[in-house]
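Comments concern the structure below.
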Amino acid sequence: MSGDIIVGDGAPRRRDSFVAAVEAIYDAAAVPERWPQALQEIADSFGDVGAIMIYEREDGGIGSICSPGLEAAQRDYDAGEWWRQDIRFSRSIERGAIARHDAVTDRDIASAEEMRTLPFYTQFLRRHGLGWFGGVGISPDPRMSVALSIQRSNQKHAWTEEELDRLSRIGRHVENALRLGIRLINAEASQLALSDALTRVGVGVFMLAGDGRVLFKNPAGEALLGDELIVSGGRLTARAQGPREALHARIRSASLGEAGAVDDPRPILVPRGQRGILAVHILPVRPAGGGAVETLLATTTAIAVVTSSEASGPADPALVRDLFGLTLAEARLAALVGNGLAPREAGERLGITEATARTTLKRVFQKTGATRQSELAALLARMVVR
């Protein structure tokens, strides 16, 4: 993973810049105050100015985290009310729903004429020396929407398809890390000991040694143990052979720092019959220095975050996306329509028009092989992704 490569602007970039960004992402998973630096590492891996992460909860609450490279622009954005003229924000949901890929850029949002004339581009972005952006939607929780946006200098070229593909891959790791991180942010973990903060989060958390031994488990994790996911001989494991082998391999890969831990952020699925599934996300942990938080992490080489999908609720969009090869926007619509909502109602829930919802649903049908809403619901039920 060493040596130089050449990217679209002709500048040399270290092969390990992607790995460095991913390591920074997982460093921030259990320590929320590290997210600004992790976002800067992401931007640096593209040779760009900075990055910002915006998250919206189901109750409408919105929060954001900004890298140091964009702090001045973000202050101006808020104080100058440039958000009122930010067509990237206002159009991203609607345009993103019909995009063929998860990652989008300005050409997916605005026309060339708009980019030449609108004040947001000619005044706000130019004032801060900013140009093209690349953004990707992620889903760390079915009840929360998150967008990751990287901003580059106005002296740099437009985003290439290869760069957008790499941004999509980065987004998957941010999504994985946020399975834990976003809940710690909501629990105001920076004001608590990590062990206390973990007791507040509503997902199962297991701190693991390199051999899978459980060093710590929170109450939510304890409640998820049973016939399928178990602790045997002090190790986190699964009773069924397939999930057990996959879980052991992923934990070993994470603890050894192997490429697989970076390349594959997908969860291990543990079926529970009619009760849905457990999704086990493995977060690699690097040795850390001293401090109250790091004391708990000092002997931890991986964190298992376990979420439970219940058979009575909508499917988890992230799982639907991965199982059927959909975009996240398509998966979000599929989850709602498959749970009984009409396209118009699902569109309203997602903030898109009925016409866009129906266009997106056609692509879902093409990719899944379903021809009507009832078939889609049956397909999701058979694949046990609820």
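The values are calculated or read from the model by the stated rules, or taken from the named source; none is laboratory data. Quantities reported herein were computed from a predicted structural model and do not represent experimental measurements. Please note: Cβ atoms are built from the backbone with ideal geometry, for glycine as well, and neighbour counts cover all protein chains shown. Please note that ligands, DNA and RNA were not included when accessible areas were found on the heavy atoms of the full protein model with its side chains. Shrake-Rupley method; radii C 1.70, N 1.55, O 1.52, S 1.80 Å.
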For region 320-337, does any single residue satisfy the condition of being among the aliphatic types (A, V, I, L, M), modelled with pLDDT under 80 and crowded, with 22+ Cβ neighbours inside 10 Å?
no
**Prompt:** Going by the conditions given, is ASN154 in contact (Cβ under 8 Å) with a residue 24 or more places away in the chain, surrounded by fewer than 23 Cβ atoms within 10 Å (Cβ to Cβ) and touching a Leu at 6+ places or on another chain (Cβ under 7 Å)?
**Reply:** yes
Across (1) open to solvent by 10 Å² or more (accessible area, probe 1.4 Å); (2) in a helix (DSSP H, G or I); (3) farther than 27 Å from GLU330 by Cα, LEU184 clears everything bar (1)
Restricting region 21-55 to residues that are open to solvent by 40 Å² or more (accessible area, probe 1.4 Å) and among the hydrophobic types (A, V, I, L, M, F, W, C), the one farthest from ASP196 (Cα to Cα) turns out to be VAL49
Expected output for region 161-178 (first residue within 15 Å of ILE52 (Cα to Cα), partner of a type in the set (S, T, N, Q) and open to solvent by less than 10 Å² (accessible area, probe 1.4 Å), Cβ below 8 Å, 6+ apart or cross-chain) is ILE170/SER45; GLU175/SER139
Residues of region 91-111 being touching a Lys or Arg at 6+ places or on another chain (Cβ under 9 Å), surrounded by fewer than 21 Cβ atoms within 10 Å (Cβ to Cβ), part of a helix (DSSP H, G or I) and without any contact (Cβ under 8 Å) to a residue 24 or more places away in the chain, in sequence order, are ASP108
Out of (1) modelled with pLDDT under 85; (2) part of a helix (DSSP H, G or I), the one GLU175 does not meet is (1)
Note on region 194-225: residues open to solvent by 30 Å² or more (accessible area, probe 1.4 Å) and free of Cβ contacts under 8 Å to residues at least 24 places away in the same chain are ASP196, THR199, ARG200, GLY202, ARG213, VAL214, LYS217, PRO219, GLU222, ALA223, LEU225
